[in-house]
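Report on the structure given below.
The values are calculated or read from the model by the stated rules, or taken from the named source; none is laboratory data. As the structure is a prediction and not an experimental result, all values here were calculated from the model. Here the Cβ is made from the backbone with ideal geometry for all residues, glycine too, and neighbour counts use every protein chain on show. The accessibility values were calculated without ligands, DNA or RNA, using every heavy atom of the protein model including side chains. Shrake-Rupley method; radii C 1.70, N 1.55, O 1.52, S 1.80 Å.
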Amino acid sequence: MAAKDEIRFKTPDALMNGQGVVDVIQSCVPDIKDAWQIKSYDLDTILVAIRIATYGETMNINFTVPGANENVSHSLNLPAILDELKAVKVDRHITLDDGLKITVRPLTYKDMTTTALQTFQQQKMYSAIQDSQLSDDEKAKRFNDAFKTLTDLNSSILLKNMQAITMPDGTEITDPTHIKEFVDNANTTLIKEIEQKLTALRGQGAVKPLKLKATEDQIKKGAPATYEVPVTFDTANFFV
């Protein structure tokens, strides 16, 4: 990264709406002309590579040992992480219990950022309504409106993630209108199963949690023998 790129990663508004990440990726990787269209499973690979090229092959992360309430630091081997990410074979299909098969369309960075921003805004709205002096009826109305917005958002993301549906008899549905009709008429159990399996696929290409062993002293303080630490390459704190 150049100095101007580091500044972008320290600009809160640019991080919040994703523009800072897009600008830095396009600056550091000129062959990527539109970083908004990067697939979700490619993002961590690109950011880890930029980190290695800028700061070197190691990165320290700080975290609290669960149960022991002890703050510790751990050094990550970034080339090893990058090799693991590059070795991932992306699966774009899920099979449901009733035999339905869904071909998945990976979310883009634009999709991810828009969803995160809208969810954040809705959460702020919930808090504002809860703390406001509005009447109970008005609060209930605004809560319902906010809930509907979140429901519509979840439905929109679900549909964006579905490229085709193959029925048990081999019939394939690819028309977006027909896919929407299928989702709108599906029962809750089926939708939950689809969402769970899509969520699992969205984790492809993401850095896995760090698996660590607690020391004897930490175990005496209440820590489990082994525990996991999420390694989040959130650009709001990744490059600090």
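Structural remarks
- Just one of the listed residues (153, 159) is modelled with pLDDT of 90 or more, in a helix (DSSP H, G or I) and surrounded by 12 or more Cβ atoms within 10 Å (Cβ to Cβ), namely 159.
- Selection of the range 88-97 for residues being out of contact with any strand residue (DSSP E or B) (no Cβ under 8 Å at 6 or more places or on another chain) and farther than 15 Å from residue 203 by Cβ yields only 97.
- Residue 23 closer than 30 Å to residue 198 by Cα, over 18 Å from the mean Cα position of the chain (by Cα), among the acidic types (Asp, Glu) and modelled with pLDDT under 95: yes
- Filter result for residue 86 (of a type in the set (Lys, Arg) and in contact (Cβ under 8 Å) with a residue 40 or more places away in the chain): yes
- Selection of first residues in the range 184-213 that are touching a residue at least 24 places away in the same chain (Cβ under 8 Å) and of second residues that are of a type in the set (Asp, Glu) and not in a helix (DSSP H, G or I), restricted to Cβ pairs under 8 Å at least 6 apart or on distinct chains, gives the following pairs, ordered by first then second residue: 190/98; 193/97; 201/91; 204/91; 210/228; 212/228.
- Residue, nearest to residue 217 (Cα to Cα), within the range 64-86, restricted to residues that are in a strand (DSSP E or B) and open to solvent by less than 40 Å² (accessible area, probe 1.4 Å): 65
- Residue within the range 6-18 that is of a type outside the set (A, V, I, L, M, F, W, C), part of a loop (DSSP other than H, G, I, E, B), surrounded by 14 or more Cβ atoms within 10 Å (Cβ to Cβ) and more than 18 Å from the chain's Cα centre (by Cα) present: no
- Residue pairs whose Cβ atoms lie under 7 Å apart, sitting 6 or more positions apart in sequence or on different chains, and linking a residue in the range 93-120 that is touching a residue at least 60 places away in the same chain (Cβ under 8 Å) and surrounded by 14 or more Cβ atoms within 10 Å (Cβ to Cβ) to a partner that is part of a loop (DSSP other than H, G, I, E, B) and among the β-branched types (Val, Ile, Thr), are 108/38; 109/38.
- In the range 196-211, the qualifying residues are those that are open to solvent by 70 Å² or more (accessible area, probe 1.4 Å) and among the basic types (Lys, Arg), and the one that is nearest to the chain's Cα centre (by Cα) is 202.
- Of the residues 94, 61, 50, the single one that is outside any strand (DSSP E or B) and not polar (S, T, N, Q) is 50.
- For the range 33-63, taking the residues that are without any contact (Cβ under 8 Å) to a residue 24 or more places away in the chain and crowded, with 16+ Cβ neighbours inside 10 Å, the one that is farthest from residue 5 (Cα to Cα) is identified as 59.
- Every pair of residues 6+ apart whose Cβ atoms lie under 7 Å, when the first sits in the range 1-18 and is under 23 Å from residue 116 (Cα atoms) and among the aliphatic types (A, V, I, L, M) while the second is open to solvent by 50 Å² or more (accessible area, probe 1.4 Å) and assigned to a helix (DSSP H, G or I): 14/8
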